[in-house]
Amino acid sequence: MGARLEITDLTAAYGEFRALSGLSLTIAAGETLALVGANGAGKSTLMKVLTGLMGGWQGRVTLGDAPLRPGDPRAASARGIALVPEGRLLFDSLTVEENLLIGASGRRGPWDIPAILSLFPVLTEKRRARPSTLSGGQQQMVAIGRALASNPDVLLCDEISLGLSPRVVDEVYAALARVRAAGVTMVIVDQDIGRVAGRADRVACLFKGHITHLGPAAGTTPASLHDAYFGAAA
Ligand code: ATP
């Protein structure tokens with residue numbers, strides 16, 4: 001549980017436009033990395049590369065001992081990479097429990113339905129409900145639970161707190177702390193630098209497809225990241 005992710009000289013483009021340029025970054029097994037950066041910095045593109053949703057990139061991404069094949073989401077999932085997507089993307093024609101079961105990919109591990117419901121007890125009584133009848137926070141819990149159901153070694157969380165109240169965000173992070181304690185490697189994207197840095201080992205800041213800051217999370221604040229965030233340090 002928990003795998004090392006090594007990204008070397010990664011370049012990813014939409015047509016002529018380079019969203020990631022020569023990006024190199026190693027995330028240790030079991031590490032939690034906060035990934036921050038302004039709109040359009042390339043955070044979601046990196047997640048799409050890692051989950052196989054985007055192909056055609058150049059460079060090398062190694063999970064554990066073996067490279068990832070570009071543009072192969074099934075292989076990435078089978079290798080243990082799971083995504084909590086921005087906007088959650090739940091299936092409203094299915095119940096909460098069915099949404100969770102969709103995530104189960106056959107990989108063995110601790111995250112079966114009872115374990116996920118014990119991580120998010122509020123979902124127990126909602127098992128048979130449609131996701132759209134749940135609060136935003138509960139929907140985010142389903143999205144996290146669905147990703148965990150694949151028993152990932154690497155959990156990617158895009159815009160984890162978007163649109164959620166501070167109290168619900170605290171609940172979501174408390175659950176992620178338990179996932180972290182279980183040894184899962186995590187990358188968390190959050191607009192709130194102070195909040196996500198307080199829950200991570202290191203912080204990486206992207207600006208226009210480049211890493212402009214990479215360092216320990218302790219002591220990282222919006223002010224200390226100002227230049228990296230706005231590109232003055234690039
Ligand atoms: P946000 O917080 O807005 O989601 P981000 O850091 O996740 O920002 P990306 O979504 O990775 O940024 O986008 C990086 C760049 O790539 C942006 O300039 C964006 O306009 C561009 N881009 C993203 N998706 C596409 C696409 N499908 N086609 C063309 N350009 C795209």
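The values are calculated or read from the model by the stated rules, or taken from the named source; none is laboratory data. Given the structure is predicted, the values throughout are model-derived calculations rather than measurements. Backbone-built Cβ (ideal geometry, glycine too); neighbour counts: all protein chains shown. The area values use the complete protein model at the heavy-atom level, side chains included, leaving out ligands, DNA and RNA. Shrake-Rupley method; radii C 1.70, N 1.55, O 1.52, S 1.80 Å.
Ignoring ligands, DNA and RNA, what accessible area per residue does the stretch 5-229 give at 1.4 Å, in Å²?
43 Å²
Which distance in Å, rounded to a whole number, links the C-alpha centroids of the stretch 71-88 and the stretch 182-234?
The distance from the Cα centre of the stretch 71-88 to that of the stretch 182-234 comes to 22 Å.
Filter the trypsin sites (Lys or Arg not before Pro) in the stretch 27-88 down to the DSSP loop ones having no more than 13 other Cβ atoms within 10 Å, then list what survives.
Passing sites in the stretch 27-88 do not exist.
Once every DSSP H run of n ≥ 4 in the chain is given -39500 (n - 2.57) and the sum is divided by its residues, what mean residue ellipticity at 222 nm do you get, rounded to the nearest 500 deg cm²/dmol?
Theoretical 222 nm ellipticity from helices: -8500 deg cm²/dmol.
From the residues 136, 122, 110, which one has its Cα farthest along the dipole of the chain in the positive direction, the dipole being from +1 and -1 charges on Cβ of Lys/Arg and Asp/Glu about the Cα centre?
Most positive-ward Cα: 110.
If I compute solvent accessible area with a 1.4 Å probe over the protein chains, what percent of it on the stretch 5-229 is carbon and sulfur? Numbers along the way, then the final one.
Details: 5090 of 9640 Å².
Result for the stretch 5-229: 53 percent of the exposed heavy-atom area is carbon or sulfur.
What do you get for the angle between helix 166-181 and the principal long axis of the chain? Use alpha-carbon atoms, 0 to 90 degrees, nearest ten.
80 degrees
What does the charge dipole of the stretch 5-229 about its Cα centre add up to, to the nearest 20 debye, if the Cβ of each Lys and Arg holds +1 and the Cβ of each Asp and Glu holds -1? The partial results should precede the final answer.
Values: 22 positive and 21 negative charges, 65 e Å.
My answer is approximately 320 debye.
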